[in-house]
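**Q** Here's a structure for you.
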Amino acid sequence: MMRVLPPLALCLPLLLTLPATAQVPPPVMDQVVLDLTAEDWVGTETARVTVSADAAATGADAGSQRGDLLKAIDGLAPDADWRIVGFDRSTDQAGLERWRAVAEARLAETALGGLSDKARQASRPGLQLRVASIEFTPTLGETEAVRARLRAEIYGKAASELKALEQSFPGRKFRMGNIDFADQPPMPYARKTREDMPAMAMAAAPAQGGPVNVSEKLVIHARVVLSAVAPRE
């Protein structure tokens, strides 16, 4: 009588004859973690100027009022690239059409002198111009240029640390395993015209010709990991 063996019984002798696969442990990494910092000042040669314009006109004059309003804003600094960032039109209870526009432009510091006086001189019955604010905030391009320079400084510091590490441990091949950047945002600030200052602050402030160019500090932190494969025992 023939006895039929199950499939598992047939495979078992084959498995017993195969050599055991050697388990290779994963490599162990030696790491050196560095906290590096770089900082610099971000300056700007221009200020962000905000101007508000209010106009009122009867129905007969309303057609040209919008053009007159925009022309008056352009007249404050003809070479500036004024951008309308807010615009509103309404009709009051007396039937007058009222227009309100808010415009912004970047102006050089030399163009800021007497700007509020120009706004008052350009105002007339039915049209009022006012310099709302003057802020010496750097542009995005100016900030990014400094940020790129600070990151390059971080890379240079990390390369120097890597070289010193290999000199301290001859024969070890360290590499930059990781760099994480963390930017500390600059502190916001705004310098306004003297006409916009409260009365008490204006009385206490020393006499000056207007806003002055200021800078803000940009700080970049970086965590750098230098790693090398640990020698096997």
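**Q** Could you state the number of Å between the C-alpha centres of the range 73-104 and the range 112-154?
**A** 18
**Q** Okay, next question. Can you list which of the GluC sites (Glu not before Pro) found in the range 38-133 are DSSP loop residues with at most 16 other C-beta atoms within 10 Å?
**A** Glu45
Laboratory data are not the source of any read-out in this text; all were calculated from the coordinates shown. The model shown is predicted, which means the values in this text are computed figures rather than measured ones. Quick reminder, even Gly has a Cβ in these numbers, built from the backbone with ideal geometry, and neighbours come from all protein chains shown.
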